[in-house]
């Protein structure tokens, strides 16, 4: 059983977000593994533990930054090898181009199952997974909260409004993982140390090309005004003001 | 230009989010609707012409993308719009890959050829200006719906490819309860509720009225009013909804750690000094036993 | 009249010899067995500082210093202990048929010796009587459920005392019961002689013989019993007290030490050969293991343990019993070099291991210098770093510490935001570095304390700077919960930052920062002079740099564990506060933990097992208007606890109370 896991490096959620002249300052970002991809790693390792095979972690990232420590943790969780595609000018908001680069590397691996997170916490487009599946000519099931592998077939519970759609598919197939698909194990320090022995390849790939739309201007949403205490004569009046603001100002209702 | 709207059926009604897509599409050009698995819903989608693929009842990425691509090419379309629902977020990218077009996911605004979408969980907004064909999914309720229904409805006559995948069933989430960590709106209750039954009397109905998941502070979980699965906070669940409403919660650091990533925080507490007001975007300093019923009454309208 | 005659045709000394051989043999074998088990432990070089150790030994072992902290039980024990030390030579004399006495007579010491022995027996007898009174009549709460073994032992040693007096008395009588050799140097013996005078010869001889053999039987029996029961402490306390811990209380050891006395840096750790924490019996040091045989089962540790008091599955005394019991139960396997299926952590139970708040009340209370807490923190190291089995809540805490150097995961770049508007020096040279800590930087309530303290220092003209964004968590929480690797990483980074900023003196408002920076960072090359803010405030008040007026409220003070007990300093906050303080029953170095230490702040507590509620109630019971404290975690726990109890009692930091009373 050949399992590939796609892992994206994303900026830490607590990073400082500064926009200058319509461009987001990205130079100070610290990167971490996309949490949704960790669910995929854990699931892949569990499949391998149950039925044998190999788990290959594939990541696409820029040339410079070192991500060894984070990826080593994934090896410690149980991946067998890591392949990092190093791309000049890599950007996380180019799903079509990124999917092309990933698919090319995956074809050589000929995986039976491809797992990845449903979305990245940077751009939340939920796009790379389905696009990779298309390039590989495989069916895909997205936003899966429960996954079973029985007799060479995947049975997936896919999250939809109000419930779950249960889908079965033969292999090969791609599944994008939703939150709490699995409980990601905490790797023991010893395993992290020994992961240094597992294969780890950094492979340069050419710069991106594709139909992705670039961001022409970035901006910060209107600042959180430090909170507004809503006034009103009566409870009903306060409530009416609140609902109005939630609808028109905050646009959350 | 020709725009395809992909609408979704919810039983025999068209989803409001699809009507929002239809209204926007009408602004962009001549719209052609496409509805899958319709049981009367297709005739409600506001587009002059609607293609109904009523045989395709269960979502399948391969099949739906193939059908949508055919409809788009046949109509000479240069844009496909749909709501960013579970289906939209799944079909959108697959269709983009099939067509090789640009992609705008979860759009919040559109004006004059420029689209605004959220990055970093809404902390940064990005402007995209497509100069070629594109697929766009729209955040539900970000755009207004129009009036109107379908002009003409025709059955889809093209080829539906076989798909190896197969839907074998549907399971409901159970009593319409929304999962806490994935909910767009969360209403949480705390010690200010005073008694266990007030959680069921006030928070759950408010949650239902808002279509929200219900959470709780640790204090009332410890007191046994609600199960631990409801706990929001350091030792409970971390939630990142669009709207977080804290009712009768003081806002100790352990709770904040679980919800400070929410896009919009509303606090209702009679204690003006409660720390929650420091992180809330909107606060009402008032007895919750008066505010919550007023809120539910207002939402009923 | 004496018992030194043949019995059933066999000379008395043959019979005694056989019994002595059995008793001493059994005793020696068992002691040897225990020693072999203890020597399975890892090395721990405490064979140094001999003059100090001998002084401590005399003070603590001979002088019973910590034993008598409990006046009644401790006093009784001291009497028994000293009494037996004085009388032990009498056993030899009796065993040798009176030859020792004859020898002493030749060197003119016999009278003195007789008196000493009598005093010894008398002290022992008095002590035993008091102890029996306490057990049988007073029946204190902590003894509820104790087995009858205690009374039996006491009666047995009372038997030794009484039979000795009988023999003494009998020696002064002639065969027909007349007092012929009255020895005023044995006053009690004389008294007994008086009781027995007039007894007929046959009865008297029987009484003497029975007394003698009962005496020897009891002593021999005792010798056999000592190594098996809690009385192993008779011998076990000797290495325990002699080799007590000279490191500051609460200081943990790094993973690996280099020859230069500093910790081996993270990059250079020999991970292949490193044993991470303890899960096997033999992972502990010999000194950790000898604790098992030093324990007297006095339960003082149990009485002061906050985890035990709140009903969690941790009893520090049981942990020590576990060391000894496990050793003896699996002795055969252990001595053969095998690893038993049951690990020592299985025996402790993981629940017990995680329940500890590292408040060190147990270690402080123990009269024989047993070190309970290190066993649990070593177990935690194994659970976290090797087994990766630990409370779920800590997983995100560890990740947050790694990524954003604070346990809550707030953006590291917002760490200095609490000081907005205060115009503080950030990253500039100054006399003091104000090390704010995570709670003081991110927790809303404690940010207020940081601001108040900063303003007080400004007012008093203290030259200080903060690190701002460059400050990272000191790592205390990682170390106490067993993630030593993470701690070491944080410590090394912090030391580098502090050294680069040329920091010499540090003031902090958090006792955990105080402890870690001041006592543990030295291993990583960070030698700083660290003071707690209450100490600085006391100094400033005394120097008149802060004019503090009277309080309008009554208050009580909660000493944080890491100051009051672990650092032993509790005068400063009271000096800083001034005025009258209504003390809680458990205060100063006997303070009761708030429950947050040992990473417990981040671990779920079941609602019926809340340590902070116990302490909050104690504060309430003083009837004071407010409770002062000097620790951000105590602040959170007490506030939470008081609110749960429905009280309006206010909790304020020392700096806030002083600020409220400032004149001008």
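What follows is calculated from the coordinates using simple rules that are stated; it is not laboratory data. In this text the structure is predicted, and so the values were computed from the model without any measurement. With ideal geometry, Cβ positions are generated from the backbone for all residues, glycine too; neighbour counts draw on all protein chains shown.
With respect to chain C, whose longest principal axis is taken over its alpha-carbon atoms, helix C:12-38 is tilted by about 10°.
Taken along the Cα-to-beta-carbon direction at a fixed 7 Å, the label points for residue C:15 and residue A:207 span 10.8 nm. Panel order for B:255, B:230, C:413, by other beta carbons found within 10 Å of each beta carbon, from fewest to most: C:413, B:230, B:255.
Build a GNM of chain B with springs between Cα atoms under 10 Å apart, and of B:93, B:227, B:130 the one that fluctuates most is B:227. Springs between Cα atoms under 10 Å define the GNM used for chain A, and in it the highest mean-square fluctuation of A:19, A:45, A:144 occurs at A:19.
Computed from the Cβ-Cβ distance with R0 of 45 Å, the FRET efficiency linking residue C:341 to residue C:502 stands at 0.25.
Can you sort C:19, C:29, B:101 from fewest to most other Cβ atoms within 10 Å of each residue's own Cβ? Provide the component values of the computation, followed by the final result.
Numbers: C:19 17, C:29 12, B:101 23.
Placing the least packed residue first, the sequence is C:29, C:19, B:101.
FRET efficiency for the residue C:621 to residue B:196 pair, using the beta carbon distance and R₀ = 35 Å, is estimated at 0.75. Our summary gives chain C a relative contact order of 12 percent, counting only alpha carbon pairs under 8 angstrom and 6 or more residues apart.
Residue B:228 versus residue A:198, label points 7 Å from Cα toward the beta carbon: distance in nm? According to this spin-label approximation, the distance is 3.0 nm. Compute the acute angle (0 to 90°) between the alpha-carbon long axis of helix C:71-95 and the principal axis of greatest extent of the alpha-carbon atoms of chain C; round to the nearest 10°. The helix C:71-95 is inclined about 40 degrees to chain C. Taken as Cα centroids, region A:225-253 and region C:35-81 sit 69 Å apart, rounded to the nearest whole angstrom.
Centre-to-centre separation between the Cα atoms of region C:485-551 and those of region C:593-664: 23 Å. With the simple spin-label model, which puts each label point 7 Å out from Cα in the Cβ direction, the residue B:238 to residue B:272 separation comes to 3.5 nm.
Exposure proxy ranking for C:209, C:245, based on other Cβ atoms within 10 angstrom of each Cβ and starting from the fewest, stands as C:245, C:209. Note on A:21-27: average number of Cβ atoms from other chains within 10 Å of each residue's Cβ is 1. Given R₀ = 22 Å, what would the calculated FRET efficiency be for residue C:155 paired with residue C:228, taking r from the Cβ atoms and rounding to 0.05? Efficiency computed from Cβ-Cβ geometry: 0.75.
Based on every Cα atom in the protein assembly as shown, Rg and the maximum pairwise Cα distance Dmax equal 38.3, 137 Å.
Quick check: the angle from helix A:68-77's long axis to the longest principal axis of chain A, C-alpha only, nearest 10 degrees? Between the helix axis and the principal axis of chain A, the angle is about 70 degrees. Give the separation of the Cα centroids, region C:328-364 to region C:413-445, in Å. What the calculation gives is 42 Å, centre to centre. Taking region A:182-212 and a reference point 7 angstrom along Cα→Cβ of residue C:273, the backbone N atoms nearer than 18 Å belong to A:194. Could you tell me whether region C:19-168 comes out rounded, prolate or oblate from its Cα gyration tensor? Rule is a ≥ b ≥ c as square roots of the eigenvalues, rounded for a/c under 1.5, then prolate if a/b exceeds b/c, otherwise oblate. Judged from the Cα gyration tensor, region C:19-168 comes out rounded (a/c under 1.5). Per the Debye calculation on chain A with a single equal scatterer at every Cα and no solvent contribution, log₁₀ I(q)/I(0) for q = 0.10, 0.12, 0.14, 0.15 Å⁻¹ amounts to -0.56, -0.76, -0.96, -1.07.
Out of A:138, A:193, A:74, any idea which swings most in a Gaussian network model of chain A, alpha carbons joined below 10 Å? Maximum among the listed residues: A:193.
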